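A quick write-up on the structure given underneath.
The values are calculated or read from the model by the stated rules, or taken from the named source; none is laboratory data. This structure is a prediction, so every number in the text was calculated from the model and none was measured. Please note: Cβ atoms are built from the backbone with ideal geometry, for glycine as well, and neighbour counts cover all protein chains shown. Just the protein is used for accessible areas: all its heavy atoms, side chains included, with ligands, DNA and RNA removed. Shrake-Rupley method; radii C 1.70, N 1.55, O 1.52, S 1.80 Å.
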Amino acid sequence: MTPETPARDLSARDLSARDLDVDRLARELGNWRTASSSGPVYQGLADGIRMLIVDGRLPIGARLPSERALADRLRVSRTTVTSAYAQLREDGYLLARRGARSTTALPATLNAPVPPVAARGAVNLANAALAAPAPAVLAALTTATQQMAPYLDDTGIELVGVPSLREAVAAEYCARGLPTEPDDIMITTGALHAIGLILATYTQPGDRVLVEQPTYHGALAAIATAGGRPVPVAIAEDGWDLVAVHTVIRQLAPTLAYLVPDNHNPTGRTMRLQQRRELAALIADTGTRTIIDETMTEVWLDEPVPPPVATAMTRRRDLLLTTGSMSKSFWGGLRIGWIRADQATLASIAALRPSIDMGTPILEQLAAAELLRGGAEVLPERRELLRTRRARMLSLLAERLPDWQPCPGGGGLALWMRLPAPMSSALSAAASRMGLDVPPGPRFGVDGSLERFIRIPYTLPPEQMTEAVTLLARAWHAVTGAAASQRVVVV
C-alpha cells in the first residue's frame, strides 16, 4: 500500500470487515480449555471467544475463521467449533450471513450507547491530569511576561510557533537521541489540537484510521469529528501485536494510523525498543502515514522510555508525525502542544491551519519554553508524587475492591483495571448518580467493547482519592448486588 493507493481503489469487495487469522485467534484464546473443565468443551470455546469480543481483543464486524480451519488449529472436532459458533450466534456475539463466514458482534444489551459522564460531580475520576507545579509555572509566566515586549509590535499570529519554544522542543528531542531542528517543530494549542490538524490535512470523511484498542478517547473523538472511521487493533496481554497491525493495514489500507507507544493511555504500557524498530520498518514498507503520540513520554514511573520511534525511521521519514504536549508532564492549563515532522509536512499543515485557527497564544508559549528548559528540576518531583499516589490508589482498590485486577503498566497517570464482570457502563452510570465522574471502558475503544475494563486515574490528592474509591466501591456493589466489604461514611 502507498499513499497514492487509497483503500477505495484496492478492490470492489467490502473492506469494512477484516478476516481474523486462525493462528492469531488461537493465540488470543490461550488455554481456553480450562473454562470447559466443568462443562461441555464447546461451551468453554464459546466463552473464550465471547470474552475476547467483550474485551475488545477481537474487533467487532471481523470474520471468524471457518469451522474446519479453527477445529484443525485447536485440535478439536468440527462439531465442537460448530456448537460454539451456534452458541455465540444465539447469544448475539456472532452474526451469520448467507454464503459468508460469521462476523463478531455485541448483543444489544452490551452495545447500548455509553452513558454520558455527569457534567460535574463531587469527585472527578474522568480527568487523568495533575494540578500545576505552581511555583515553577508562576516563575515561568513571570519570565514570559518580561519577554513579551518584542511581540507586541507585531500581529501576534504565529502559525508555527515562537522560535524560543520551537528551539526548546527541538532540544528535548536531541537529548533523547533524535536530531531535530526548530524548523521541524510546529507549536499547537495542545496535543489534541495537533491530532486534529493532522487529521484535517491528511484525511477525508470516510477514511479509515488505525487505532489501538483501547486508546486515548480524545483521539477517537477527533477522528469522529473529522469523519474518519477508527479501525481497532487490540493491545495483546504482552503489548503491541505488530503482526495484527500489519494484517489490518494489508486488509483495510487505512489512510492514517494513530499509536501511543509511551506510557500508553489508558494502559500505561510502553513499547519495547525492538518493537519500535519493527514498527518503523512496517510504516516505511506499507507507506502508512502514522501519528506517534508522545504526550505521556515524560510520565514514566518505573523506568525511562526507549528512544523515540522516529529514531528508527531510516526510510520514508515523511510518513511519521510525532505529537507532544505540556499537559501531562507540566500543566494542562497552558494548552501547549506540538508536532514534529519533516518540513514539507509541516508546510502542508501550516497552509491549512488558517482555516482552523490562527496560532497558539504567545505568552503561554514563552512560559512553556521556560518550563522545558527547567524540566530537570520539576519532572523528578512530579514522577515521585505520581509514584506515591499510584501506590495509594492500588492499596485502596485492593482493600475496597479486591476482585478488580490492575493491568501491568509502568507509567502514565491511571490504572487500567479489569473488572470481574462486563459491567463498566452500568458502573459508570451508578457512580455518576452518586456524584462520581468516571468514564466507562467502552469510551476508550471502538464499537462498544471493553465492558470489563475501567480507567482509574491516581492523580487526585489523598483525601479525594479515598472518597473516590469509597464511592466507586459503593457503585460497584449497587450494580452487582454484592455486599460491601465494609461500610464507610463519606463526610
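List of remarks:
- Qualifying residue in region 456-474 (condition: of a type in the set (D, E, K, R), assigned to a helix (DSSP H, G or I), within 27 Å of Leu138 (Cα to Cα) and free of Cβ contacts under 8 Å to residues at least 24 places away in the same chain): yes
- Annotation: Gly445 fulfils all but one of (1) over 30 Å from Ala62 (Cα atoms); (2) crowded, with 23+ Cβ neighbours inside 10 Å; the unmet one is (1).
- The residue that is nearest to Met51 (Cα to Cα), counting only those in region 409-420 that are assigned to a loop (DSSP other than H, G, I, E, B) and open to solvent by less than 20 Å² (accessible area, probe 1.4 Å), is Leu419.
- When region 449-483 is filtered for residues that are farther than 23 Å from Leu385 by Cα, surrounded by 24 or more Cβ atoms within 10 Å (Cβ to Cβ) and in contact with a Pro (Cβ under 8 Å, 6 or more places away or on another chain), the ones remaining, listed by number, are Ser449, Leu450, Glu451, Phe453.
- Residues that are part of a helix (DSSP H, G or I) and buried (at least 23 other Cβ atoms within 10 Å of the Cβ) within region 194-221 comprise Ala194, Ile195, Leu197, Ile198, Leu199, Ala219, listed in sequence order.
- For region 328-359, the set of residues classified as open to solvent by less than 40 Å² (accessible area, probe 1.4 Å), in contact (Cβ under 8 Å) with a residue 60 or more places away in the chain, within 17 Å of Leu372 (Cα to Cα) and not in a helix (DSSP H, G or I) consists of Phe330, Ile336, Gly337, Trp338, Ile339, Arg340, listed by residue number.
- Selection status of Arg276, open to solvent by 20 Å² or more (accessible area, probe 1.4 Å), charged (D, E, K, R), under 19 Å from the mean Cα position of the chain (by Cα) and at pLDDT 95 or above: no
- Flag if Thr180 is closer than 29 Å to Asp238 by Cα, among the polar types (S, T, N, Q) and in a loop (DSSP other than H, G, I, E, B): no
- Enumeration of residues in region 55-80 that are in contact (Cβ under 8 Å) with a residue 60 or more places away in the chain and of a type outside the set (A, V, I, L, M): Asp55, Gly56, Arg57, Pro59, Gly61
- Of all the residues in region 320-343, those that are touching a strand residue (DSSP E or B) at 6+ places or on another chain (Cβ under 7 Å) and among the small types (Gly, Ala, Ser) number 4.
- Scanning region 421-444 for residues that are closer than 16 Å to Ala128 by Cβ and part of a loop (DSSP other than H, G, I, E, B) yields Val438, Pro439.
- Subset of region 274-289 that is of a type outside the set (A, V, I, L, M, F, W, C) and part of a helix (DSSP H, G or I) - its residue that is nearest to Ile249 (Cα to Cα): Thr286
- The set of residues in region 39-95 being hydroxyl-bearing (Ser, Thr, Tyr) and surrounded by fewer than 18 Cβ atoms within 10 Å (Cβ to Cβ) consists of Ser66, Ser77, Thr79, Thr82.
- The set of residues in region 15-55 that are under 22 Å from Gly448 (Cα atoms) and modelled with pLDDT under 70 comprises Leu15, Ser16, Ala17.
- Considering (1) surrounded by 18 or more Cβ atoms within 10 Å (Cβ to Cβ); (2) not assigned by the TED database to the domain that holds Ala234, the lone condition that Glu399 does not fulfil carries the number (1).
- Some residue of region 293-310 being of a type in the set (S, T, N, Q) and surrounded by fewer than 23 Cβ atoms within 10 Å (Cβ to Cβ): no
- You will find that of Gly333, Gly324, the residue that is of a type in the set (Gly, Ala, Ser), under 17 Å from the mean Cα position of the chain (by Cα) and within 30 Å of Pro133 (Cβ to Cβ) is Gly324 and no other.
- Residue list for region 341-354, filter: more than 28 Å from the chain's Cα centre (by Cα) and of a type outside the set (A, V, I, L, M): Pro354
Residue by residue, here is whether (1) out of contact with any Leu (no Cβ under 9 Å at 6 or more places or on another chain); (2) open to solvent by 10 Å² or more (accessible area, probe 1.4 Å); (3) of a type outside the set (D, E, K, R) holds:
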position	(1), (2), (3)
Asp154	yes, yes, no
Pro163	yes, yes, yes
Glu167	yes, yes, no
Ala170	yes, no, yes
Ala175	yes, yes, yes
Pro179	yes, yes, yes
Asp183	no, yes, no
Thr188	no, no, yes
